[in-house]
Amino acid sequence: QVPLVESGGGLVQAGGSLRLTCTVSESIFSINTMGWYRQAPGKQRELVADISTDGSTNYADSVKGRATISRDNAKNTVYLQLNSLKPEDTAIYYCNADLYVSSFLRIPNYWGQGTQVTVSA
């Protein structure tokens, strides 16, 4: 098991901001794309944003202009800055990573345990 340690969730008022952090807490061979997904009650898990090793990013339409994803490769960490939060952003946010535990062992879809984000009106 390769732990993905997530932090930064919480309760925030509409219009506020949060910064989510996800760190691969053990030494691994390499990490490819890292991203954040979210799942609201009764809904399917959906991509929020992801970032590749070269810094290319991809955002869901629902968060474009309000979210910024970034990564620190030296720290094996990905960040998600969420601004102008709306009640519909309320969800459990999951970190996801495509990583190589060793040079030959790839885990293409590794999930963190999730962090709750609740936005009050």
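Potential lengthening of the chain between ALA14 and VAL101 amounts to 27.4 nm, from the contour at 0.36 nm per residue minus the alpha-carbon distance. Projected label points at LYS86 and ASN109, each 7 Å from Cα along the beta carbon direction, are separated by 2.8 nanometres. May I ask which residue of VAL101, LEU47, ALA67 lies farthest towards the positive end of the charge dipole of the chain, with charges of +1 (Lys, Arg) and -1 (Asp, Glu) on Cβ and the Cα centre as origin? Farthest along the dipole direction, towards plus: ALA67. What segment 1-105 shows is 52 Å² of accessible area per residue, with the surface traced by a 1.4 Å probe over protein heavy atoms.
In this label model, ALA40 and ALA60 are separated by 0.8 nm, measuring between points 7 Å along each Cα→Cβ vector. For the chain, with all protein chains in place and a probe radius of 1.4 Å, 48% of the accessible heavy-atom surface sits on carbon or sulfur.
The values are calculated or read from the model by the stated rules, or taken from the named source; none is laboratory data. Source: prediction; values computed, not measured. Every residue, glycine among them, receives a Cβ derived from its backbone with ideal geometry; neighbour counts consider all protein chains shown. These area figures cover heavy atoms from the full protein model, side chains too; ligands, DNA and RNA do not enter into them. Shrake-Rupley method; radii C 1.70, N 1.55, O 1.52, S 1.80 Å.
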